[in-house]
Amino acid sequence: MKIRINLLPPEQQPPKWRYGRLLLLPVVLMLLVVAALFGYGEYRYWNLEQELAQARSRYESLATGEQQMRIAQTRLAAVQAREKILLQLSGGRYSWHGAMSHLGVFMPRRVWLTEIGSAQKGVVLLKGNSLNYEELVIFLSKLEQDRFFVDPTLLKAEQTERGSLTQFEITAKIRGL
């Protein structure tokens, strides 16, 4: 460090304030503020990119589910279209196979049918045998309670010659015919 000796009178001496250093302080403060703002902006940008990446991953995971849902909807629409065509083609026809399957579900084990016919349109004639009269009554009561068969009527019930079986004839209307 140099020693400076100022021999000028105090009125003529340069002021001791260093204006360069005084100007340097606001400039440094401004640079710090600008750097802080830039850092905050970069942090926000990085944070938004992280949120965007999370949103994209959620979208991709939902996109597969949405695609599967669309496929299921198109399949459902195709099935419904086929059902509509089948209903139009059936045109009020009735499935006797369905009626007989339904009848077989609630028949007692000791009652069996020997003949099934149609007496009139929408009326079915059931002929068969049972081991005893009580089983026939159970079968007839189940027919009466069923929603598929309407007005079951016992036409004939008689014991066979040997007395071991009860032969019967029943007519019943089928609902919907």
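Yes or no, residue by residue, for (1) open to solvent by less than 80 Å² (accessible area, probe 1.4 Å); (2) among the hydrophobic types (A, V, I, L, M, F, W, C):
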| residue | (1), (2) |
| --- | --- |
| R18 | no, no |
| L23 | no, yes |
| L31 | no, yes |
| L37 | no, yes |
| E42 | no, no |
| Q54 | no, no |
| R58 | no, no |
| A63 | yes, yes |
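Kindly indicate which of E51, E83 is under 32 Å from the mean Cα position of the chain (by Cα) and closer than 30 Å to F148 by Cα. Break it down stepwise before answering.
Values: E51 fails: closer than 30 Å to F148 by Cα.
After applying the criteria, what remains is E83.
Quick test for you: out of V124, V105, pick the one residue that is closer than 20 Å to F168 by Cα and either among the charged types (D, E, K, R) or open to solvent by less than 90 Å² (accessible area, probe 1.4 Å) (or both).
Checking each option against the conditions leaves just V124.
Tally time: how many residues in the range 166-177 are on the phi > 0 side of the Ramachandran plot and assigned to a strand (DSSP E or B)? Before the answer, list the steps.
Going through the range 166-177, the residues on the phi > 0 side of the Ramachandran plot turn out to be 176.
Restricting the remaining residues to those that are assigned to a strand (DSSP E or B) gives none.
Count: 0.
Does at least one position in the range 29-45 carry a residue that is without any contact (Cβ under 8 Å) to a residue 40 or more places away in the chain, in a loop (DSSP other than H, G, I, E, B) and among the basic types (K, R)?
Applying the first criterion (without any contact (Cβ under 8 Å) to a residue 40 or more places away in the chain) to the range 29-45 yields 29-45.
Right, trim to in a loop (DSSP other than H, G, I, E, B) and you get none.
There is no residue in the range 29-45 that is without any contact (Cβ under 8 Å) to a residue 40 or more places away in the chain, in a loop (DSSP other than H, G, I, E, B) and among the basic types (K, R).
Test each condition in (1) on the phi < 0 side of the Ramachandran plot; (2) of a type outside the set (A, V, I, L, M); (3) surrounded by 13 or more Cβ atoms within 10 Å (Cβ to Cβ) for Q88 and report the one that comes out false.
(3)
Have a look at G163, G122 and point out the one that is touching a strand residue (DSSP E or B) at 6+ places or on another chain (Cβ under 8 Å) and not aromatic (F, W, Y). Quick ask: steps written out before the conclusion?
On the way: G163 fails: touching a strand residue (DSSP E or B) at 6+ places or on another chain (Cβ under 8 Å).
None of the others qualify; the one that does is G122.
Taking the conditions exactly as written (open to solvent by 30 Å² or more (accessible area, probe 1.4 Å) and not hydrophobic (A, V, I, L, M, F, W, C)), does T160 satisfy them or not?
Values: open to solvent by 30 Å² or more (accessible area, probe 1.4 Å): yes; not hydrophobic (A, V, I, L, M, F, W, C): yes.
Criteria met by T160.
How many residues are more than 14 Å from A172 (Cα to Cα) and over 45 Å from the mean Cα position of the chain (by Cα) if we restrict to the range 138-159?
Restricting attention to the range 138-159, the residues satisfying the condition of being more than 14 Å from A172 (Cα to Cα) are 138, 157-159.
After this cut, where a residue has to be over 45 Å from the mean Cα position of the chain (by Cα) as well, the list is 157-159.
Looking only at that region, the number is 3.
The values are calculated or read from the model by the stated rules, or taken from the named source; none is laboratory data. Predicted model, so just to flag it, every value in this text is computed and none were measured. Cβ sites come from the backbone with ideal geometry, for glycine too, and all protein chains shown count toward neighbours. SASA here: full protein model, heavy atoms, side chains in, ligands and nucleic acids out. Shrake-Rupley method; radii C 1.70, N 1.55, O 1.52, S 1.80 Å.
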